[in-house]
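This report concerns only the one structure given below.
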Amino acid sequence: MKNYIKNMSRKDLVLLNIRKMYDSYGYKKISLPSFEEYDLYNENKDFIDRNVLTVMSPNGKLLALRPDITLSVAKKVSKDQSLKYSKIYYQENTYNLTKYVGYEEDEQLGIELIGKESTFLDFEIINLAVKSLDIINKKSMIVLSHAGFISSIFENFDLEYETKEQILDCINRKNSHDIQKILKRNEHISENVKKLIYKIPELSGNLENIEKELLKYEINVNTKKILSELKQLNSLLMKFYKKSKIIFDFSVVKNLNYYNGIILQGYIEDFPNVILTGGRYDKLFEKFGVDTGAVGFAILTDGLKGYYKDENKNDFEVLIVYDNSDFEKLVEIINDFQKKGLRVRTEHIENLRENESEIFNFDEKYLFENGELKKGGIVW
């Protein structure tokens, strides 16, 4: 086992440690089908922003390679009521149809905590997100937002769906200029609310400072309620983490048709993009007719390829080029190397003549010829 771990890539070892951490919190690993019925995605088009790769089954049913994990989890829970209050994790691939290369395959490691909204459940997920990122790199940060915060601001006036989506997109991109242009065209929105919406892209950092800024405006009862819940959550988080570890940014928005609570994104040093993403999506279960909710996140593990600068680039430690002289002795030699914890690859001399160093990465090369193992002309 020690040799197995020793020979793992840094990325695989990190993911192993993260999975062990999930196990220690009572999360159970599940497997999900790579193919789902196409209707699952066709009926939830606004939940996924990927093109679906389809295939026809032998019995004439249209199937799709899974473009999203969350929908598969929600479907699994809706079919198995014993999972209504479960804690699960997965390591699965998603598939996305692309314009030029055919399709992309991306790996995710994620967890889902099935259960209705509560401060402690949200804390547990954020806590595990922080711990997951710390295993990858101690210099990491979680950004929090809340889907209900934006919804509560929009609830006091009518907006066309398209206009609302435009505003949300601008908020997400912190584009205050275009928000102002859109709001000018909607005269029925009060000046107080316009100023508040215009301010949202700037509402980031420490929650206490954000609250002080919000109190300058007239905010409704639901916005105050959400702010109170976030203060309770933040108070618990600050007992275990520094303020620099967890910040709030209300410009982070997810699909409001599905997400209704906490939203989180994770970042690590020297990696420019989001490496972890998630949130509470109780509304998705409502669509499946299940009386429960869920909060979770996924680590976009493909982003870790090549991330570690000290990654061992070797494919194996020992290359043995052999002839047909003595297979029994060759097997004994291979076993001796492996007992020392070394990875051994064998290639027949007829198959590997020149430029093998351009094909493989390894430490040492041996020639097994006429029943003898030679390294640098020395007989083994």
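For the chain, the residue among Y103, Y27, V73 whose Cα projects farthest onto the positive side of the dipole built from Cβ charges is Y27.
At 1.002 mPa s and 20 °C, plugging the Kirkwood radius over alpha-carbon pairs of segment 19-78 into Stokes-Einstein gives what diffusion coefficient in µm²/s?
Values: Rh = 13.0 Å.
After rounding, the answer is 165 µm²/s.
Other residues lying with their Cβ under 15 Å from the Cβ of N42 contribute a combined charge of -1, Lys and Arg counting +1, Asp and Glu -1.
Think of the chain as a dipole: +1 on every Lys or Arg Cβ, -1 on every Asp or Glu Cβ, centred on the Cα centre; then among G261, C170, F297, G261 lies furthest on the positive end.
So how do T223, T292, T54 line up by other beta-carbon neighbours within 10 Å, fewest first?
Details: T223 22, T292 19, T54 14.
Fewest-to-most ranking of T223, T292, T54: T54, T292, T223.
Fewest Cβ neighbours within 10 Å first, please rank E155, E369, E317 accordingly. Could the numbers behind the result be given before it?
Numbers: E155 12, E369 15, E317 18.
Ranked by crowding around the Cβ, least crowded first: E155, E369, E317.
Available extension along the chain between S34 and E191 is 51.5 nm, counting 0.36 nm per residue and deducting the alpha carbon span.
If you model segment 43-174 as an ellipsoid using its alpha carbon gyration tensor, with each semi-axis the square root of five times an eigenvalue, the axes come out at 28, 24, 19 Å, biggest first.
Pairs from the list K225/K245; K11/K239; K11/K131; K139/K239; K87/K287 with a Cα-Cα gap above 27 Å: K11/K239. For volume of the Cα convex hull per residue in Å³, the value calculated from this model appears in [x] 163; [y] 137; [z] 207 under label [z]. Helix 327-339 axis versus longest C-alpha principal axis of the chain: approximately 40°, rounded to the nearest ten. Magnitude of the charge dipole for the chain, about its Cα centre and with charges confined to Cβ atoms of Lys, Arg (+1) and Asp, Glu (-1), is about 1500 debye. As a proxy for reagent exposure, ranking E117, E213, E112, E191 by other Cβ atoms within 10 Å from fewest up yields E191, E213, E117, E112.
Partners of K243 within straight-line reach, counting aspartates and glutamates whose Cα lies under 20 Å from its Cα and excluding those fewer than 8 residues away in the same chain: D122, E124, D134, E202, E208, E211, E213, E229, E269.
Local charge sum around I263 (other residues, Cβ-Cβ under 11 Å, Lys/Arg +1, Asp/Glu -1)? Walk me through the numbers on the way to the answer.
Details: positive: K254, R280; negative: D122, D249.
That sum, taken over residues with Cβ under 11 Å, equals 0.
Run the dipole for segment 134-266 about the Cα centre, Lys and Arg Cβ at +1, Asp and Glu Cβ at -1, nothing else charged, and hand back the magnitude in debye, nearest 20. For this selection, approximately 680 debye.
Set the Förster radius R0 to 51 Å, insert the Cβ-Cβ distance between F157 and S235 as r into 1/(1 + (r/R0)^6), and round the FRET efficiency to 0.05. Could the numbers behind the result be given before it?
Working: r = 32 Å, r/R0 = 0.63.
About 0.95, to the nearest 0.05.
Cα gyration tensor of segment 72-139, axes a ≥ b ≥ c as square roots of the eigenvalues: rounded (a/c below 1.5), prolate (a/b > b/c) or oblate? It comes out oblate by the Cα gyration axes. Per residue, the chain reaches -11000 deg cm²/dmol at 222 nm when only DSSP H runs of four or more residues are counted, each adding -39500 (n - 2.57).
Just so you know, all these numbers are worked out from the coordinates, no wet-lab data involved. Worth saying up front: this structure is predicted, and the values here are computed from it rather than measured. Reconstructed Cβ throughout: ideal geometry from the backbone, glycine too, with neighbour counts over all protein chains shown.
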